[in-house]
Amino acid sequence: MIAAQDAAHTSSLVQPAGRLQGKVALITNGTRGLGFAIAKAYVREGAKVVVAGTVASELKVALDELSELGGDATATKIDLSSQAACEQLYNGALRSYGKIDILVNNSAVVGPMVPIVQYSGRDWDDVIRVNLDTVYWLSKAVLGSMIPSNGGSIINITAAVAQRGRAKWGAYSVAKAGVENLTQILAEENSIYNIRVNCVDPGALDEVASLDEVLNPFIYLAADVSKGATGLHFASSDWVGRRF
């Protein structure tokens, strides 16, 4: 089914049983790469998913594959470059499923690989907005329903350059450091509501044979087994082959 203004596609089939049965996950940049791999993993575990992307053809392909897995999914075409757009995505997910249990903040852009002295103000603002501001905007929106529900999991994507800045990584490095700090702040502020907020470094994705190798911490943090784990930094490389 295609929603108004061709903004969203929806599929609903019988879901498999799994560790995320009954949960609803919202995944940004969820129609390609890591985000789509997370979406498929969540569907296999029984979750309903809302994936956001900007390319219409990718939305359809993503929805078709999620449907083939037996998933209940919605794919939304939206540019998350403003707080209003992030709130629109959040409200649409609520209308579709009535709640959001899991938010995966996966929107990212590396930006120009040049020294800071050559970095334009426009590029700086764009990279900070995509990598940091959207995490703030969406987390704030989703907390509006997670707090009354007394539970939820927010998973933010980080990178090695968040831990130590490197030459020519510019605004991306700064934004990811901000994401880690924001993760810790949100974790402390919302632990009383049984909401956990963590970040995951998936590592260099072009060096793995399959994206499935990096998914374990994303499944763990979405599932109830991770209750109590909050404000932490996870590295996918530490979770290869790990059972939980």
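No lab work stands behind these numbers, since they all come straight from the coordinates. Because the structure is a prediction, the values reported are computed rather than measured. Every residue, glycine among them, receives a Cβ derived from its backbone with ideal geometry; neighbour counts consider all protein chains shown.
In segment 19-133, with Lys and Arg counted as +1 and Asp and Glu as -1 at Cβ, which of these residues, ASN29, LEU63, ASN131, has the Cα nearest the positive end of the dipole, that is, farthest along it?
LEU63
So how do LYS168, LYS176, LYS99 line up by other beta-carbon neighbours within 10 Å, fewest first?
Least crowded to most crowded, the residues run LYS168, LYS99, LYS176.
I need the phi-derived Karplus couplings for segment 41-50: 6.51 cos²θ - 1.76 cosθ + 1.60, θ = phi - 60°, integer Hz, Gly and Pro marked x.
Ordered by residue, 3J(HN,Hα) equals 5, 5, 4, 4, 8, x, 7, 8, 10, 10 Hz.
Taking Cα pairs under 8 Å and at least six residues apart, what relative contact order does segment 4-237 come out at, in percent?
18 percent
Near the amide H of ILE157, under 5 Å away, which other amide H atoms are found, from residues 5 or more places off or on another chain, if H is placed in the peptide plane?
Those lying under 5 Å, H to H, from ILE157 are ASN105, VAL200.
Modelling each spin label as a point 7 Å along the Cα-to-Cβ direction, I'd like the ALA160/ARG243 distance in nm, to one decimal.
Here the answer is 3.1 nm between the modelled labels.
Neighbouring Cβ atoms within 10 Å as the yardstick, rank PHE234, PHE244, PHE218 fewest first.
Going from least to most buried by this count: PHE244, PHE234, PHE218.
Could you tally the net charge around ARG129, taking each other residue with its Cβ under 13 Å from the Cβ of ARG129, Lys/Arg +1 and Asp/Glu -1?
Local charge sum for ARG129: -4.
Non-local amide H neighbours of LYS168 (under 5 Å, H modeled in plane, Pro and chain starts lacking H): which ones?
Here the answer is ILE116, since their amide H atoms fall under 5 Å of that of LYS168.
Please report how far the C-alpha centroid of segment 76-105 lies from that of segment 199-230, rounded to the nearest whole angstrom.
If we compute the Cα centre of each part, the gap is 22 Å.
Quick one: what Rg and Dmax do you get for the chain from the alpha carbons, in Å?
Answer for the chain, Rg first and Dmax second: 17.0, 54 Å.
Which ³J(HN,Hα) values, rounded to whole Hz and listed in residue order, are derived for segment 71-88 from phi using the Karplus coefficients 6.51, -1.76 and 1.60 in 6.51 cos²θ - 1.76 cosθ + 1.60 with θ = phi - 60°, glycine and proline given as x?
With the stated coefficients, segment 71-88 comes to x, 9, 9, 10, 10, 10, 8, 7, 9, 8, 9, 8, 5, 4, 5, 5, 5, 5 Hz.
Suppose every Lys and Arg Cβ carries +1 and every Asp and Glu Cβ carries -1, with no other charges. What dipole size does the chain come out with about its Cα centre, to the nearest 20 debye?
It works out to roughly 320 debye.
Would you calculate a helix-derived [θ] at 222 nm for the chain, using -39,500 (n - 2.57) for each DSSP H run of n ≥ 4 and dividing by the full residue count, to the nearest 500?
-12000 deg cm²/dmol
Sequence gap of 8 or more, or different chains, plus Cα separation below 19 Å: how many lysine pairs satisfy both in the chain?
Final tally of qualifying lysine pairs is 15.
Quick one: TYR193, TYR172, fewest Cβ neighbours within 10 Å first, how do they rank?
Ascending number of Cβ neighbours within 10 Å: TYR193, TYR172.
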